[in-house]
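The values are calculated or read from the model by the stated rules, or taken from the named source; none is laboratory data. Note that the structure is predicted; figures quoted are calculated from it, not measured. A quick note on method: Cβ atoms are made from the backbone with ideal geometry, for glycine too, and the neighbour counts reach across all protein chains shown.
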Amino acid sequence: MDHVEAVSPAQVGRRIRNLRVKLGLKQQDLASTDISASYISLIESGKRAPSDTVLAVLAGKLGCSPDHLRTGRDDDALEDARLKLSFAEMALRTGDNGAALQSFGELFAKPALLDGPMLLRVRIGQATALEKLDRIEAAIPVLEELRKDPALAAGSDEWCRVLVALSRCYRNMGDTTLSIEIGEQALSTLDALGLDVTVDHIQVGSTLIGSYLMRGDLTRAHLLAQRLLPVAEEHGGRAGRGAVYWNAGLVALSRRQLPEARALTERALAMMADDDNLRHVAMLKMTVGWLELQSDHADPVRARELLQDAGQTLAELGTAVEQARCEVCLVDAHMRLSQWDDAVAHARRALGLLSSGPRVEAVGARVRLAELHLLRGEREDGLQSLHTATRQLRHFPPSYETAQEWRHIGDVWKRQGRSKEALEAYEQALQASGMPATYDPAHALAGQRQR
């Protein structure tokens with residue numbers, strides 16, 4: 001993926017000669033006590049490759065940079081490219097993902113202006129912007145190309161960012177198997193380098209925990225979280241430690257250890273509250289707010305405040321899916337407070353945000369909308385929403401997440417006295433969580449009778 005012009009003695013010599021002639025200089029004018037005119041002639045004819053020291057001396061006399069002699073890049077154009085790259089990266093940090101993607105695209109269209117490190121930053125930034133814009137299917141090929149690039153050194157910060165993003169993208173596309181495979185390979189690579197456990201381990205491990213949770217592999221998620229917690233305390237900054245405590249809290253939540261989950265995520269929020277990654281802080285506030293609703297002594301007012309605060313930030317910096325998740329959590333908060341109209345508005349907003357493609361979050365929003373219709377006596381609308389949610393959920397592969405939604409659908413049917421539909425939903429939930437139906441010995445008896 002190296003788009004930078006290869007350096008050859010002939011090209012360097014030609015550039016030196018063209019500049020010298022343009023300035024009206026002779027070869028003797030470039031000579032010095034250490035560089036003879038005959039050596040200048042050999043360089044210009046491409047028969048000698050100048051060292052960096054000689055190139056610096058010649059550049060000084062020709063009024064350009066050594067990089068211009070080496071690559072032919074115009075100094076002003078190179079500076080403009082550096083400024084555009086800085087702008088694009090700043091736009092990413094401030095949540096202006098569309099502007100960032102446009103700037104990265106303009107830079108990538110002129111690769112001759114970029115050196116190797118700059119080109120790598122452009123490609124990583126492009127993939128990051130695509131992911132943040134929820135264009136994950138477009139981000140994955142860029143990340144896969146980067147992963148195969150021999151210039152991306154294993155164990156480097158850029159390598160870690162690419163592997164973490166790729167694992168996360170596959171997870172968000174529903175391919176937890178590939179997401180986990182990438183995460184586990186990345187951790188193995190870091191271990192094989194023989195380095196002490198680093199912040200990179202924490203970043204890769206945190207992403208891997210999320211993938212384990214989505215697959216319902218709670219044991220592996222728990223073991224990895226327990227491994228990373230002491231590492232984060234010793235080596236991680238506040239943000240890194242907060243990320244590990246956050247994931248450990250999610251593991252505890254999945255194991256139905258609600259007090260532990262709440263304590264861990266509250267601690268994570270305290271660590272990350274002042275972090276400059278406002279999107280991560282908002283996501284954590286959303287988690288804490290949702291956990292507040294699950295508590296035996298829930299404070300729905302505090303949960304609503306946390307979720308509203310998170311929603312405001314995610315509206316500027318988050319993806320459509322992240323915004324929708326916050327809207328769904330706000331539905332639950334308003335339902336706890338009997339604020340039915342507000343709850344309906346948030347459910348509809350979540351569905352609007354997820355209109356571009358099939359998402360499990362859309363099923364959750366639709367089930368809640370069905371509940372709200374039924375609570376308000378709008379039975380026909382409620383049953384229609386519930387049937388639609390059921391049909392949509394059948395298209396998703398089994399996972400812990402889909403099992404939760406099947407359970408929710410079953411509960412709503414049960415509360416309506418629809419035992420047949422409830423039983424079917426509960427059976428789907430068991431299968432999605434990895435618990436298929438037991439063998440019916442009546443089948444064997446029927447087979448014997450036929451014989």
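Being of a type in the set (A, V, I, L, M) and under 28 Å from Leu330 (Cα atoms) narrows it down to one residue among Val204, Val199, Val281; which is it?
Values: Val204 fails: under 28 Å from Leu330 (Cα atoms); Val199 fails: under 28 Å from Leu330 (Cα atoms).
Matching residue, one of Val204, Val199, Val281: Val281.
List pairs: first in the range 207-220 and on the phi < 0 side of the Ramachandran plot, second among the acidic types (Asp, Glu), Cβ under 9 Å, 6+ apart or cross-chain?
Leu208/Glu184; Ser211/Asp217; Leu213/Glu401; Met214/Glu401
Does Ala129 count as among the small types (Gly, Ala, Ser) and modelled with pLDDT of 85 or more?
Working: among the small types (Gly, Ala, Ser): yes; modelled with pLDDT of 85 or more: yes.
Here the answer is yes, as Ala129 does meet what is asked.
Considering only the range 10-105, give the helices (runs of 4 or more DSSP H) lying wholly within it that have at least 2 residues that are of a type in the set (S, T, N, Q).
On the way: elements: 27-30, 37-44, 52-62, 66-71, 75-93.
Filter on the range 10-105 gives 27-30, 37-44.
Considering only the range 106-115, how many residues are of a type in the set (Asp, Glu) and not in a helix (DSSP H, G or I)? Full working, then the answer.
Restricting attention to the range 106-115, the residues satisfying the condition of being of a type in the set (Asp, Glu) are 106, 115.
In the following step, the residues that additionally are not in a helix (DSSP H, G or I) were identified as 115.
Number satisfying all stated conditions: 1.
A quick yes/no check of all residues on (1) in contact with an Asp or Glu (Cβ under 8 Å, 6 or more places away or on another chain); (2) modelled with pLDDT of 90 or more; (3) closer than 25 Å to Thr319 by Cβ:
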position	(1), (2), (3)
Ser156	no, no, no
Ser167	no, yes, yes
Val199	no, no, yes
His222	no, no, no
Glu234	no, no, no
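Among the candidates Leu269, Leu351, Leu317, which residue alone is closer than 30 Å to Trp413 by Cβ and within 25 Å of the chain's Cα centre (by Cα)?
Details: Leu269 fails: closer than 30 Å to Trp413 by Cβ; Leu317 fails: closer than 30 Å to Trp413 by Cβ.
Selected residue: Leu351, the only one of Leu269, Leu351, Leu317 that is closer than 30 Å to Trp413 by Cβ and within 25 Å of the chain's Cα centre (by Cα).
Which of the residues belonging to the range 143-163 are crowded, with 21+ Cβ neighbours inside 10 Å and either under 16 Å from Phe104 (Cβ atoms) or in contact with a Pro (Cβ under 6 Å, 6 or more places away or on another chain) (or both)?
Leu143, Leu146, Val162
Please go through the range 335-359 and pick out each residue that is surrounded by fewer than 23 Cβ atoms within 10 Å (Cβ to Cβ) and either in contact (Cβ under 8 Å) with a residue 60 or more places away in the chain or not hydrophobic (A, V, I, L, M, F, W, C) (or both).
Across the range 335-359, the qualifying residues are Arg336, Ser338, Gln339, Asp341, Asp342, Arg348, Arg349, Gly352, Ser355, Ser356, Gly357, Pro358.
What pairs come out if I take residues in the range 249-266 that are aliphatic (A, V, I, L, M) and pair them with residues that are surrounded by fewer than 19 Cβ atoms within 10 Å (Cβ to Cβ) and not in a helix (DSSP H, G or I) whose C-beta lies under 8 Å away, six or more apart or interchain?
Leu258/Ser295; Leu258/Asp296
Residue-by-condition table, conditions (1) within 23 Å of Ala347 (Cβ to Cβ); (2) of a type in the set (Ser, Thr, Tyr):
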{"residue": "Arg366", "(1), (2)": "yes, no"}
{"residue": "Leu375", "(1), (2)": "yes, no"}
{"residue": "Thr390", "(1), (2)": "yes, yes"}
{"residue": "Leu393", "(1), (2)": "yes, no"}
{"residue": "Trp413", "(1), (2)": "yes, no"}
{"residue": "Asp440", "(1), (2)": "no, no"}
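What's the number of the condition Leu224 fails, among (1) closer than 30 Å to Asp342 by Cβ; (2) surrounded by 19 or more Cβ atoms within 10 Å (Cβ to Cβ)?
(1)
Taking the range 123-153, which residues are acidic (Asp, Glu), part of a helix (DSSP H, G or I) and in contact with a helix residue (DSSP H, G or I) (Cβ under 6 Å, 6 or more places away or on another chain)? Before you say what the answer is, go through the steps one by one.
If we filter the range 123-153 for residues that are acidic (Asp, Glu), which is where we start, we get 131, 134, 137, 144-145, 149.
Okay, now just the ones that are also part of a helix (DSSP H, G or I), so 131, 137, 144-145.
If the condition is that a residue be acidic (Asp, Glu), part of a helix (DSSP H, G or I) and in contact with a helix residue (DSSP H, G or I) (Cβ under 6 Å, 6 or more places away or on another chain), then Glu131 is the only one that fits.
Checking the structure you have, find out if any residue of the range 398-412 is at pLDDT below 95, in a loop (DSSP other than H, G, I, E, B) and surrounded by fewer than 16 Cβ atoms within 10 Å (Cβ to Cβ).
no
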